[in-house]
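*Asks:* Encoded as structure tokens, here's the structure I'll be asking about.
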């Protein structure tokens, strides 16, 4: 079983790693690169805790091979904040208490960020459907949805940061 | 300890600050169970039984040990025999021998997924490969899954040393009925004789999983001298230490259990599965071992709560006043005794003033995973039956279901069927708030229906420790012993800040490991804000005494002449002398000269947790051609005592409702004929997703609990009690059909509608 | 465990050679949203994974005079963003959009959904309804096959060793022709279809159906075309009688199983319900064209 040498970009930085063919991008992030913010909740694409953005598209890092990352641009939860400045979604999650245990939170924040990259004015229903692939067992989603809608308002300049 | 009775006196409690661990959790920095690594670490994996019930004839690890990279294989033979002993380590009293054998099967595998061996290797892939090289020889035995089949004469018996407890005389034949419990009040026959209407119904529920998103995970390192460090995600580091110590035969002092962040538990992480195995693998290999369950393992081998049969008979007068109630609860315990049937029995009728009642519960073994605590264990099942039946009674009598509840509601002074006489309870207050709610008055469209249901949970107190340290710069560190599963660091810091009179931002809370803080029972039973908060407040009060003493030394007056207000020491009055007040910063700066560091640690066994009551309103719309229910609107009304951090109280209410809706509509364990779980993943174990849910409105009724310094009651569990009946009652209102079997999934709803339609057609 | 290799060829020919010469089983990786789950569970143990996404043309949509040409590995999210395709075949785009979550949409492809050969695949009834033709590359060169010819049973396809789909050709709809797709699931998202139904109809200027294709998913080993349901529609307007005939024809065509996702009775009944609802949408769309 020969390892693949992969050159890729993660959170704006060039990264090289070796991975086995069956290792997923999530395995690589967590076990090879020590980027443990992306979580494994199911390893089958059903929970969204491992959400990352690859070449601008939201996907589950558990459903992508590490070897496929060659030449891609990957954004993980570790790259959502701008240094010590939180992204509005992160800030609103804190203000709205949109997390309880916090395990699904990285995936939800990456997914919500991807939504707002595409649509700064989503309806509640659009937000709920966009985030349907991110399971949260703690919150009942209420505060999560409010936080995302509020973050969108901030990014539109209609609400306070 | 002083009780702050009025809200106006509170500066921090009742506000909504950002949680102290929040930034780490929104940036991916928080370290959960699976995020830990250690140098030289191995990966452990578990070999599990493919059979629901089988005798283990032999286990041959030979080929696995020969695989390069495999460092250790363990089986039951590596564990000491633990004698049967009831221990109070986790959420409920548990038999240590059963816990040990649940972690690793002894002579029989009792459910599909039961661990029979484990391996440690240098990579997850090698460990996985090694599992296939362990040869296990089984003799497959007949199995039994359903509760009444397991109770029947001639059923396959799981344990030949289990005789039904609670019967007189003691039975001589082993049985799958591990226990019978009974609670009675008044004269049940007389009560039914007085009734003008009697209705008798049977309800069933399926096992449902806690379905925390984080699978169980740990890293365990055992050194050659026996000293061990456990890093794991659980609802209690002391629980992990306690169980592991007993199962592996190690001294408590040799185990340091460090709580990782926990990715949800809901009761399911109040017992251990992995830590004793990782301990043995580490001991045998001489290297740290990490074990992380797959989602499939979580479903097959951990949790769930009981599936059950609930029989309810209610007798009432025409005005809706209950004269008698009889409830029979048959709960699955899984492969070992210990279903929450006792709590089911105590909660079944706790909300009502029933003069004559009899509640009987059966704890029933079957070839399913051993049940684990799940949010208000036992109560939602019993309440689904009783609260549905009460709705049926109200319909039969042509009465408003809310009015029937008011007529029979337990009040202060009511003696509950299970014994206690209520004081300071808020059930009626929730009914009044329900009546006053805008939701109850909102119009409904065609095909829509509204249901209400109530719930009760006793909440827990118990052992907690807390330390409050005043740092050299006057900031404060609060160390507690409870893993923070939903924002409790914030409430601990808030209560400390409130008591000390300092800003919230100057208090940093941490969750201590088992060597950093005194024993603390687990995060469970909705006890942390109550018991943990009480310990923190008492520690803060001791610190205030010390701060006053230090001010007294500085001023050279008596400590009794010092008063603590707004985070400062003041002379208590004109007689005390005239001094500029001393702030915490000033006192801390001089601590070395006035006697050294200032801190206090407090250990308590908290009593007086107030019970929790809730009433929920649910609107549904049914697609009558497909049977699918859509939850249109939902309001949870709850007596929360006093909300310390209202956002996290609302969050508990909303989360409980969402889990209850999942339980009501789609969640269930599905087995094939061989006793193998068919839906061990989130694809077919259908928890609610964001698009399934409406916003969940919350109404926090505050009937303060005078036994807590700030009036707190447990809030986390009672919100999962009412939803199943609230949804069933709403579906009945929308369609006219009564669903008595959970989950109320589309095929069941459609079949019920179709079964009724011909009748209606005939009547027209 | 047989050792696994991964390769990402950049030409169709290279991919065909790799597929054809693989000693053991070889799998084409498009979005991977089924393949990786099967790899992880051990349900499939290939020796070679061939990532098709680096082959030019495998990702992308181009509009030709008479057809839309969709690269086999094009992710669902690209289809959902393609306005001309949405205008032409809204049912196809809706069906693709129903496959899994937003995350899945970022990766899942038509080729993967078709070649995974699940009877419940959402996009398959819709692309069959839209008369989609698959362009297949193989050791013998290229060939074309209608989408309905690809799945032959759960997890099985008619593709020969060395063959893989490179693109899909969706003919432009004819005047007054439109499609629709609905599925039934217990939740609002994230489930596998208990029943799926794709319908395309072509009307005359007066609202009478002149041609139709009706396909059900998840009620037989493969998605099935319903000639009887077509008969129920062709020559008729969409009135109560037509809907009743369609409902009955759909129910009669079902050969479902009872499993963890639904019972025979439930699937059969819901097949009729969905056929009616889908037909109503398709007729309305066709009438507006």
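The values are calculated or read from the model by the stated rules, or taken from the named source; none is laboratory data. Quick caveat, the model's predicted, so the values are computed rather than measured. Note that each Cβ is placed from the backbone with ideal geometry, even for glycine, and that neighbours are counted across all protein chains shown.
*Asks:* For the range C:1-36, enumerate the residues that are part of a helix (DSSP H, G or I) and surrounded by fewer than 21 Cβ atoms within 10 Å (Cβ to Cβ).
*Replies:* C:12, C:13, C:14, C:17, C:18, C:20, C:21 - these are the residues of the range C:1-36 that are part of a helix (DSSP H, G or I) and surrounded by fewer than 21 Cβ atoms within 10 Å (Cβ to Cβ).
*Asks:* Taking residue C:143 and the conditions (1) more than 14 Å from every other protein chain (Cβ to nearest Cβ); (2) touching a residue at least 60 places away in the same chain (Cβ under 8 Å); (3) surrounded by fewer than 24 Cβ atoms within 10 Å (Cβ to Cβ), which numbered condition does it fall short on, given that it satisfies the others?
*Replies:* (2)
Matching residues to (1) in contact (Cβ under 8 Å) with a residue 40 or more places away in the chain; (2) within 20 Å of residue C:289 (Cβ to Cβ); (3) more than 14 Å from chain B (Cβ to nearest Cβ):
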position: C:194; (1), (2), (3): yes, no, no
position: C:197; (1), (2), (3): yes, no, no
position: C:232; (1), (2), (3): no, no, yes
position: C:264; (1), (2), (3): no, no, no
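*Asks:* Hey, another quick one. Let me confirm something: among B:621, B:546, B:625, which residue is part of a strand (DSSP E or B), modelled with pLDDT of 95 or more and within 44 Å of the chain's Cα centre (by Cα)?
*Replies:* Answer to the check: B:621.
*Asks:* Checking the conditions here, which among B:368, B:375 is under 30 Å from residue B:104 (Cβ atoms) and in contact with a helix residue (DSSP H, G or I) (Cβ under 9 Å, 6 or more places away or on another chain)?
*Replies:* From the options B:368, B:375, the qualifying one is B:375.
*Asks:* State whether one or more residues within the range A:56-66 are surrounded by fewer than 24 Cβ atoms within 10 Å (Cβ to Cβ) and either at the interface with another protein chain (Cβ under 7 Å from one of its Cβ atoms) or in a loop (DSSP other than H, G, I, E, B) (or both).
*Replies:* The answer is yes, given that some residue of the range A:56-66 is surrounded by fewer than 24 Cβ atoms within 10 Å (Cβ to Cβ) and either at the interface with another protein chain (Cβ under 7 Å from one of its Cβ atoms) or in a loop (DSSP other than H, G, I, E, B) (or both).
*Asks:* Which one of these is modelled with pLDDT of 95 or more and surrounded by fewer than 21 Cβ atoms within 10 Å (Cβ to Cβ): B:155, B:127, B:87, B:109?
*Replies:* Sole residue among the options that is modelled with pLDDT of 95 or more and surrounded by fewer than 21 Cβ atoms within 10 Å (Cβ to Cβ): B:155.
*Asks:* Continuing with this model, one more query. Take residue A:141 and tell me if it is at pLDDT 95 or above and closer than 19 Å to residue C:98 by Cα.
*Replies:* For residue A:141, the condition - at pLDDT 95 or above and closer than 19 Å to residue C:98 by Cα - is not met.
*Asks:* To continue, here is another question. Please go through the range C:1-45 and pick out each residue that is more than 10 Å from chain A (Cβ to nearest Cβ), touching a helix residue (DSSP H, G or I) at 6+ places or on another chain (Cβ under 8 Å) and farther than 24 Å from residue B:297 by Cβ.
*Replies:* C:9, C:10, C:15, C:26, C:27, C:28, C:30
*Asks:* Hey, can you tell me all the residues within the range A:23-42 that are in contact with a strand residue (DSSP E or B) (Cβ under 9 Å, 6 or more places away or on another chain), more than 20 Å from residue B:265 (Cβ to Cβ) and without any contact (Cβ under 8 Å) to a residue 40 or more places away in the chain?
*Replies:* A:26, A:27, A:32, A:33
*Asks:* Sticking with this one: Pick from the range A:67-85 the residues that are more than 10 Å from the chain's Cα centre (by Cα), more than 26 Å from residue A:21 (Cα to Cα) and more than 7 Å from chain B (Cβ to nearest Cβ): which of them is surrounded by the fewest Cβ atoms within 10 Å (Cβ to Cβ)?
*Replies:* Out of the qualifying residues, it is A:83.
*Asks:* Being over 21 Å from residue B:686 (Cα atoms) and more than 11 Å from the chain's Cα centre (by Cα) is the filter here; which residues of the range C:95-118 pass it?
*Replies:* C:106, C:107, C:108
*Asks:* While we're looking at this one, here's another question. Go through the range A:67-86 and report how many residues are in a loop (DSSP other than H, G, I, E, B) and without any contact (Cβ under 8 Å) to a residue 60 or more places away in the chain.
*Replies:* 5
*Asks:* If you don't mind, there's one more thing I want to ask. How many residues are assigned to a loop (DSSP other than H, G, I, E, B) and in contact (Cβ under 8 Å) with a residue 12 or more places away in the chain if we restrict to the range B:667-694?
*Replies:* The qualifying residues number 18.
Each row is one residue, and each column tells you yes or no for (1) out of contact with any strand residue (DSSP E or B) (no Cβ under 8 Å at 6 or more places or on another chain); (2) part of a helix (DSSP H, G or I); (3) more than 30 Å from residue B:664 (Cα to Cα).
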| site | (1), (2), (3) |
| --- | --- |
| C:222 | no, no, yes |
| C:232 | yes, yes, yes |
| C:251 | yes, yes, no |
| C:278 | no, yes, no |
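*Asks:* Determine whether residue C:68 is at the interface with chain A (Cβ under 9 Å from one of its Cβ atoms), at pLDDT 95 or above and outside any helix (DSSP H, G or I).
*Replies:* In short, no.
*Asks:* Quick one: which residue in C:227, C:223 is within 22 Å of residue C:124 (Cβ to Cβ) and either within 14 Å of chain B (Cβ to nearest Cβ) or surrounded by 15 or more Cβ atoms within 10 Å (Cβ to Cβ) (or both)?
*Replies:* None of the others qualify; the one that does is C:223.
*Asks:* Now, a different point. In the range A:33-52, which residue that is farther than 16 Å from residue B:34 by Cα and surrounded by 24 or more Cβ atoms within 10 Å (Cβ to Cβ) is nearest to the other protein chains (Cβ to nearest Cβ)?
*Replies:* Selected residue: A:46.
*Asks:* Follow-up question, since we're still on this one. Looking only at the range B:517-543, how many residues end up being in a helix (DSSP H, G or I) and buried (at least 24 other Cβ atoms within 10 Å of the Cβ)?
*Replies:* Final tally of qualifying residues: 13.
*Asks:* I've got another one for you. Answer with yes or no whether residue C:206 is free of Cβ contacts under 8 Å to residues at least 60 places away in the same chain and farther than 18 Å from residue C:288 by Cα.
*Replies:* No: the conditions fail for residue C:206.
*Asks:* Taking the options C:107, C:87, name whichever one is surrounded by fewer than 24 Cβ atoms within 10 Å (Cβ to Cβ) and at pLDDT 95 or above.
*Replies:* Criteria check complete, one pass: C:87.
*Asks:* Test each condition in (1) outside any strand (DSSP E or B); (2) surrounded by fewer than 24 Cβ atoms within 10 Å (Cβ to Cβ); (3) touching a residue at least 40 places away in the same chain (Cβ under 8 Å) for residue B:215 and report the one that comes out false.
*Replies:* It fails just one condition, (2).
*Asks:* Mind telling me which of the residues B:614, B:658, B:643 ends up being buried (at least 22 other Cβ atoms within 10 Å of the Cβ), free of Cβ contacts under 8 Å to residues at least 40 places away in the same chain and either within 14 Å of another protein chain (Cβ to nearest Cβ) or within 30 Å of residue B:728 (Cα to Cα) (or both)?
*Replies:* Among B:614, B:658, B:643, only B:658 is buried (at least 22 other Cβ atoms within 10 Å of the Cβ), free of Cβ contacts under 8 Å to residues at least 40 places away in the same chain and either within 14 Å of another protein chain (Cβ to nearest Cβ) or within 30 Å of residue B:728 (Cα to Cα) (or both).
*Asks:* Can you tell me which of B:664, B:636, B:726 is under 30 Å from residue A:45 (Cα atoms) and not in a loop (DSSP other than H, G, I, E, B)?
*Replies:* Unique residue meeting the criteria: B:664.
*Asks:* While we're looking at this one, here's another question. If the requirement is being under 19 Å from residue B:714 (Cα atoms), within 14 Å of another protein chain (Cβ to nearest Cβ) and either outside any loop (DSSP other than H, G, I, E, B) or touching a residue at least 24 places away in the same chain (Cβ under 8 Å) (or both), which of these qualifies: B:491, B:464?
*Replies:* After applying the criteria, what remains is B:491.
*Asks:* Another question, if that's okay. If we keep just the residues of the range A:91-136 that are more than 14 Å from chain C (Cβ to nearest Cβ) and assigned to a helix (DSSP H, G or I), which is surrounded by the most Cβ atoms within 10 Å (Cβ to Cβ)?
*Replies:* A:105
*Asks:* Give, as residue ranges, the helices (runs of 4 or more DSSP H) completely inside the range B:64-153 that count at least 2 residues that are closer than 20 Å to residue B:174 by Cα.
*Replies:* It comes to B:96-103, B:147-151.
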